[in-house]
Structures are given as C-alpha cells and as structure tokens.
Number of protein chains: 2
Amino acid sequence: MTLRTEPHYVLGIDIGGTKLAVGIVSPEGRLVSEVRTPTLVREGPDRVIRQLLDLCDGALVQSGLLRSQVVAAGVGCGGPLDPITGVVMEPPNLPGWVDVPLVARLSDRLQIPVSLDNDANAAALGEHRFGAGRGIANMIYLTISTGVGGGVITDGRLYQGENGNAGEIGHMGVVLGGRTCGCGGQGCLEAYASGTSIAGRVREAIAGGRTSMMPELAGSLEQITAETVLAALRAGDALAREIWEETLDLLGMGVANVISIFNPRRVVLGGGITNFGDLLFPPLRERALRRVMAPLAAVVDIVPAELGSTVGILGAAAVALAAREASELVNVVYK
Amino acid sequence: MTLRTEPHYVLGIDIGGTKLAVGIVSPEGRLVSEVRTPTLVREGPDRVIRQLLDLCDGALVQSGLLRSQVVAAGVGCGGPLDPITGVVMEPPNLPGWVDVPLVARLSDRLQIPVSLDNDANAAALGEHRFGAGRGIANMIYLTISTGVGGGVITDGRLYQGENGNAGEIGHMGVVLGGRTCGCGGQGCLEAYASGTSIAGRVREAIAGGRTSMMPELAGSLEQITAETVLAALRAGDALAREIWEETLDLLGMGVANVISIFNPRRVVLGGGITNFGDLLFPPLRERALRRVMAPLAAVVDIVPAELGSTVGILGAAAVALAAREASELVNVVYK
C-alpha cells in the first residue's frame with residue numbers, strides 16, 4: 001500500500017464567530033503562511049465566504065507556492081454541521097447561517113477537494129497528527145474554553161458516529177437535575193467545567209451572599225472571568241478554591257467516564273483552562289485515575305495539548321489530510 | 001475481497017460463575033446443539049477447564065457434525081481478562097482464577113483457533129451479528145442484571161480500546177460522591193441501575209424507616225430483589241415507584257451520555273432489567289432522548305435485546321466468527 005509522495009500542501013481554514021484564519025500547511029504540519037481577519041459575522045454567510053476566499057488567496061501569495069502545489073482544503077467550523085454533505089446547519093456562533101452548503105461553495109471556487117468538520121473534531125485531528133497525540137492510536141481530545149468540546153480518535157482515525165456528531169463529551173450529564181446548559185439540557189459537564197460556567201458559578205455564589213476578593217480583582221461582579229478565578233485561587237481566596245475543587249471533581253468524573261468507555265492511551269486537554277497549569281493537571285489526574293479500573297488506569301495518561309493558538313489552522317489542515325488519505329486508501333483497496 | 005464459503009461451524013463457550021454452557025453454532029446463528037452444566041467453581045480452573053472440554057465433546061456428539069466441520073471456538077467469560085493474550089486475569093465470579101492462560105489451554109486440546117472476550121463484549125457481538133443489532137454499524141449494548149456491562153460496536157466492529165477494556169459503561173460515574181460500587185468507585189451507574197443496587201436501595205430505605213409492601217411480598221427484608229420491586233411497582237407501592245423513578249432518571253442520563261459520545265444508530269438493552277418491559281422502555285427513551293442534541297436523537301433508537309437466554313453461547317460464537325473474519329481480512333489485504 002503506497003500513498004503519494006510528491007510535495008503537496010493543504011489549506012487550513014478556521015471559521016470562528018469573531019475571527020477567520022487561513023494557513024497553508026505542509027503534510028508534516030509546517031505552517032508555511034498564515035493570514036487572519038475579524039469575521040464580518042453580521043453581514044451573513046455570503047460575505048464571510050468571500051472573506052474566506054480572499055484569505056485563501058492571501059495565504060497562497062504569502063506562501064510563495066504555486067496554486068497547483070495546494071491540493072486540498074480542510075475547514076473547521078462551529079457545529080452542528082454535517083461533515084458528509086459539507087453543510088453547516090445552524091451554529092450558535094454564526095447567526096444567520098442556516099443549512100449553508102459550505103463545502104460546495106468553497107470547492108466550486110477553489111477547484112480542489114474541500115472537507116469540513118466541527119472545530120473540536122478538527123482540533124482532535126490536529127493534535128493527533130501534529131501535536132500531543134502523535135503516534136497514539138486511541139486518544140480523547142477535550143477542549144475547555146467558553147464551551148467544552150470533544151473529539152475521539154479510535155484505531156488512529158476520527159470516530160464520527162452515525163451522522164458525524166460523535167464526541168459531544170461536553171454534553172455528558174454529570175449532575176442529575178443540575179445547572180442548565182447552553183444545549184438546553186441539565187447538568188452537562190459544560191455547565192460546570194467551561195470557563196463561562198466557572199465564572200458564572202462564582203458570580204451566583206457572590207450574588208447569593210458569599211464574600212470573595214474576586215469582584216474587586218475583576219473590577220465588578222459582572223467582569224469576573226475564569227482568569228479572575230485563577231488569580232484569586234493563587235491569592236488564596238476561599239470561594240475560588242471551593243468552586244475550583246468542585247470543577248476538578250466533576251471534570252475528574254467526566255474524564256474518568258471517557259476513560260472507562262474508550263480505554264484510550266491518552267487524554268489530551270486543550271483550551272483556555274490549560275492556563276490553570278499545575279492547579280489543573282496533577283489534581284485532575286489524581287481524581288480521574290482513582291475512579292477507573294486498574295487495567296484502564298495502567299495505560300492512559302492525561303496531558304496538555306501542544307498546538308496552542310495554531311490548533312485552528314493545523315486542525316483544519318488535518319481534516320484535509322485525513323480526507324485525502326481516506327480517499328487514497330479506498331482507491332488502493334478497490335481499484 | 002472474498003471470504004470462505006464452505007460450510008463451517010464454531011463452538012460457543014460461555015463461562016459463568018454458576019453454570020457453563022457450550023453450543024455449536026452455524027455462521028448464520030443457528031444453534032445446532034447445546035449442553036450445560038453447573039460450574040464446579042470451588043474446584044478451581046483446572047477442573048473447570050476439564051468440564052469445558054467435556055462439554056465441547058458433548059456438543060459435538062449431539063450436533064452430528066464431523067470434528068473437521070468445527071473450525072474455531074469463542075469464549076465469553078467474566079473480566080478482567082486480556083482478549084489479545086487470551087489470559088483470564090481475576091474475575092470476581094471465578095475465585096482462584098488468577099492469570100489463567102485460557103485460550104492456550106483450550107486451543108492446545110481443541111486444536112482449533114480459540115478467541116476470548118469478556119461476557120458483555122461477547123453479548124454485544126452476539127446481538128450485533130444475530131440479534132437486535134443486525135445490519136447496524138454503530139451500536140451500544142448495555143446489559144443490566146446483577147451488574148451493568150457494556151459493549152461498543154463502531155463501524156461494524158467491536159471497539160476494544162488500547163488494551164481490550166473499552167465499554168465499561170457500568171462504571172460511568174453518574175453521582176459525584178454517590179453509592180460505593182463493587183469496583184471500589186463511587187456513584188457508578190452500576191451502583192444505582194443494577195438489579196442488585198435497585199434491591200439494595202429499597203432495603204436501605206426500609207431499614208431507614210420507610211414503609212412498603214415489599215418485605216411482605218418477598219417474605220423478608222433480606223429477600224427483596226429487583227423482581228420484588230417490579231411486583232410492588234405494579235401493585236402501586238410508593239417506595240417502589242420512587243426508587244424506580246430515580247433508577248430511570250440515572251439510567252436515562254447514562255444512556256444519553258453514551259449517545260452524546262458515540263452518536264450510535266441503536267442502543268440495545270439486555271439482561272434481567274428488560275423484564276420491566278413497558279415500565280422501562282418508554283420512560284427510558286423519553287428521559288434519554290430529551291437530554292441529547294437533536295441531530296443525535298434523530299438517528300438513534302433504544303430497543304430490547306433479542307437473544308434472551310441464548311446470548312451467552314451465541315455471543316461466544318460471534319467472538320469466534322469475528323476473529324476468524326479479521327484474520328481472513330488480514331490475509332486478503334497483506335498476502
């Protein structure tokens with residue numbers, strides 16, 4: 001079984017509600033060029049797609065490569081979306097995008113194969129190919145920022161499930177009848193462990209009468225963020241400690257659950273929460289691993305993501321590379 | 001790609017702590033012969049392995065087949081065990097079995113390839129091949145009896161994880177700091193939803209002063225089982241209703257969690273709990289599906305297992321058939 005070996009590059013297209021980023025990436029994960037711009041999100045999908053095509057042109061010019069050397073494009077975008085049909089359904093961070101056939105629109109203009117996946121799956125593929133999951137067959141990726149997203153690599157490939165929506169680890173229930181989540185459910189992991197939820201729980205406790213240095217640290221109750229909680233934790237604030245301990249307990253249970261279910265070799269944690277550093281990883285490992293059975297605990301580690309701010313572009317590029325390899329594998333086996 | 005088509009049969013070997021069952025099964029799942037005997041569990045692994053070999057001989061004689069027509073054997077056994085090395089590690093239901101090289105012992109004597117998996121994975125393979133999961137690519141199997149076991153079929157194959165221990169859905173945490181589970185963890189699904197746990201919670205409530213018809217129904221407090229709870233539920237007992245509602249809530253959350261993570265086409269529920277019938281399935285579907293996001297809920301159903309008491313032998317046979325096909329696939333691709 002052989003794959004092509006001539007030099008080829010891919011476009012990585014990262015669509016966010018506040019910024020767009022496009023880069024040209026080598027198969028080894030070298031970022032050859034990179035361009036970014038704020039998303040003109042109020043102007044709707046047609047305008048944003050024009051922005052993306054301009055960024056693709058800009059990235060190509062900046063790279064110094066020939067157009068023929070760029071053989072595919074991958075897109076990471078907020079879900080829900082359908083990776084099979086290439087349609088973006090109605091992401092909360094892109095108001096007005098309803099059933100947008102993004103892959104068709106982009107491939108018509110770019111004249112190369114375009115593949116789409118949600119941003120958490122793209123990031124999982126990126127960390128697996130270029131970052132903390134290199135060489136790992138069974139890996140769980142969890143990103144914790146304003147929300148909690150997940151992606152699952154099984155036997156070296158992204159597991160997509162029946163219609164491309166697998167890996168919704170953030171919406172695993174961890175507290176029966178608990179806090180209401182953005183998804184409408186109650187007691188989801190995201191409703192406790194996301195940066196937004198951590199700050200929200202602190203604000204609720206203070207509004208309920210608890211004392212804390214955090215309003216002063218942040219400037220006001222409303223301005224408290226997860227970063228405020230981190231600063232207060234370091235300064236010994238009791239409420240920050242209490243909320244953070246509860247976060248660790250629930251996140252530990254959530255991580256233990258995915259370990260018990262998937263028996264992975266590695267859990268990779270990304271997103272803003274990793275700024276908590278040693279306040280996060282050692283206690284999380286302890287809480288998660290004491291919950292799982294010995295043969296499962298023996299083979300797994302829990303590590304920080306490695307790609308940092310490049311994960312959006314590199315993840316989108318990994319979507320393109322994975323699609324390209326899958327199609328070549330099909331050609332080899334069935335031709 | 002072609003697989004062999006000449007007639008061949010497999011042995012299905014089901015090892016339980018109270019009984020042993022062996023059958024000869026056709027590739028289509030027809031049970032050609034079946035023999036059972038109580039497990040001489042106190043006499044240790046050597047004696048039980050002799051019992052198994054005698055049962056294999058008995059099943060062969062009863063089938064009327066030639067020995068050469070039986071080409072492989074599959075074994076389902078309580079875990080933990082290692083399906084790759086074929087070693088049974090230390091199952092709680094088989095005291096004295098410590099690191100028993102069961103596959104080597106059986107294949108030495110039977111002179112055919114032998115494959116091993118834990119009983120929940122074997123049952124998942126059996127339901128997938130012959131029962132409620134036929135033709136389904138992405139399926140979750142959950143068996144709820146004295147314990148809660150699980151098996152995961154992804155893209156048509158059993159997902160085993162890094163060292164064969166994936167699918168421990170019963171040990172998913174659902175209540176932080178909750179009831180202690182047999183695994184040593186706290187708040188596992190098994191500690192609430194297993195038949196043993198349902199009866200245990202009832203006994204604890206009555207011991208704590210709650211009134212109920214259940215001690216009288218069962219004969220005494222100690223004799224209350226899940227079947228007592230079912231009878232009391234039908235008779236309108238308030239405590240039985242309360243404990244059952246809590247069970248449905250937590251089981252609904254657990255099932256929703258595996259749907260959010262795996263995006264399966266079907267969840268198959270087996271084991272003694274399915275005796276609850278319409279008291280189980282409609283309210284469980286309602287609770288589970290209202291928790292998961294629309295694109296996930298749209299493609300999944302939650303159905304009872306179909307194989308009943310034959311699941312042990314047919315599941316073990318499915319382990320043998322899956323291993324046989326995997327080895328033939330490898331031969332086709334790499335020869």
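The values are calculated or read from the model by the stated rules, or taken from the named source; none is laboratory data. All of these numbers come straight from a predicted model, not from anything done at the bench. Please note: Cβ atoms are built from the backbone with ideal geometry, for glycine as well, and neighbour counts cover all protein chains shown.
Taking the numbered list (1) more than 22 Å from B:Arg129 (Cα to Cα); (2) part of a strand (DSSP E or B) in turn, B:Gly74 passes all entries but (1). Checking each residue of segment B:75-97 against the condition of being more than 28 Å from A:Leu296 (Cβ to Cβ) and either touching a Pro at 6+ places or on another chain (Cβ under 9 Å) or among the acidic types (Asp, Glu) (or both) gives no match. Among the criteria (1) buried (at least 18 other Cβ atoms within 10 Å of the Cβ); (2) within 19 Å of the chain's Cα centre (by Cα), the one A:Ile261 does not fulfil is (2).
Close Cβ contacts (under 6 Å, 6 or more residues apart or on different chains) running from residues in segment A:312-334 that are more than 30 Å from A:Thr37 (Cβ to Cβ) and in the same structural domain as A:Gly78 (by TED's automatic domain parsing) to residues that are modelled with pLDDT of 65 or more and buried (at least 21 other Cβ atoms within 10 Å of the Cβ) are absent.
With respect to (1) modelled with pLDDT of 95 or more; (2) more than 10 Å from chain B (Cβ to nearest Cβ); (3) touching a Leu at 6+ places or on another chain (Cβ under 7 Å), the lone exception for A:Pro83 is condition (1).
Taking every residue in segment B:64-76 that is over 30 Å from B:Gly164 (Cβ atoms) and pairing it with any residue that is of a type in the set (Gly, Ala, Ser) and assigned to a strand (DSSP E or B), at least 6 positions away or on another chain, the pairs with Cβ-Cβ distances below 9 Å are B:Gly64/B:Ser33; B:Leu65/B:Ser33.
Taking segment A:224-239 as the range and being surrounded by fewer than 13 Cβ atoms within 10 Å (Cβ to Cβ) and either outside the structural domain of A:Glu204 (by TED's automatic domain parsing) or not aliphatic (A, V, I, L, M) (or both) as the test, the residues that pass are A:Arg234, A:Gly236. Within segment A:86-101, if we keep just the residues that are β-branched (Val, Ile, Thr) and either away from every other protein chain (no Cβ under 14 Å) or surrounded by fewer than 19 Cβ atoms within 10 Å (Cβ to Cβ) (or both), the residue that is nearest to the chain's Cα centre (by Cα) turns out to be A:Val87.
To keep it simple, each residue is scored yes or no on (1) farther than 23 Å from A:Pro91 by Cα; (2) within 11 Å of chain B (Cβ to nearest Cβ); (3) in a strand (DSSP E or B).
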{"residue": "A:Ser115", "(1), (2), (3)": "no, no, yes"}
{"residue": "A:Arg129", "(1), (2), (3)": "yes, no, no"}
{"residue": "A:Arg134", "(1), (2), (3)": "yes, no, no"}
{"residue": "A:Leu142", "(1), (2), (3)": "no, no, yes"}
{"residue": "A:Val152", "(1), (2), (3)": "no, yes, yes"}
{"residue": "A:Gly161", "(1), (2), (3)": "no, yes, no"}
{"residue": "A:Asn165", "(1), (2), (3)": "no, yes, no"}
{"residue": "A:Gly170", "(1), (2), (3)": "no, yes, no"}
{"residue": "A:Gly177", "(1), (2), (3)": "yes, yes, no"}
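Filtered by the rule that a residue be within 20 Å of B:Phe262 (Cβ to Cβ) and either of a type in the set (Val, Ile, Thr) or modelled with pLDDT of 95 or more (or both), segment A:95-118 gives a lone residue, A:Asp117. Taking B:Leu250 as the residue in question, decide whether it is of a type in the set (A, V, I, L, M, F, W, C), under 28 Å from B:Leu125 (Cβ atoms) and touching a Phe, Trp or Tyr at 6+ places or on another chain (Cβ under 8 Å). So B:Leu250 fits the description; yes. At least 2 residues being more than 14 Å from chain B (Cβ to nearest Cβ) and hydroxyl-bearing (Ser, Thr, Tyr) is the threshold, and among the helices (runs of 4 or more DSSP H) wholly inside segment A:185-289 those reaching it are A:195-207. Taken residue by residue, segment B:216-223 has no member that is in contact with a helix residue (DSSP H, G or I) (Cβ under 9 Å, 6 or more places away or on another chain) and surrounded by 24 or more Cβ atoms within 10 Å (Cβ to Cβ).
Among residues that are in contact with a strand residue (DSSP E or B) (Cβ under 9 Å, 6 or more places away or on another chain), without any contact (Cβ under 8 Å) to a residue 24 or more places away in the chain and crowded, with 19+ Cβ neighbours inside 10 Å, A:Ala104 is not included. Just checking, does segment A:300-309 include any residue being within 14 Å of another protein chain (Cβ to nearest Cβ), free of Cβ contacts under 8 Å to residues at least 24 places away in the same chain and part of a loop (DSSP other than H, G, I, E, B)? Looking for residues that are within 14 Å of another protein chain (Cβ to nearest Cβ), free of Cβ contacts under 8 Å to residues at least 24 places away in the same chain and part of a loop (DSSP other than H, G, I, E, B), one finds none in segment A:300-309, hence no.
Do the conditions hold for B:Cys56, that is, is it in contact (Cβ under 8 Å) with a residue 60 or more places away in the chain and touching a strand residue (DSSP E or B) at 6+ places or on another chain (Cβ under 6 Å)? Criteria not met by B:Cys56.
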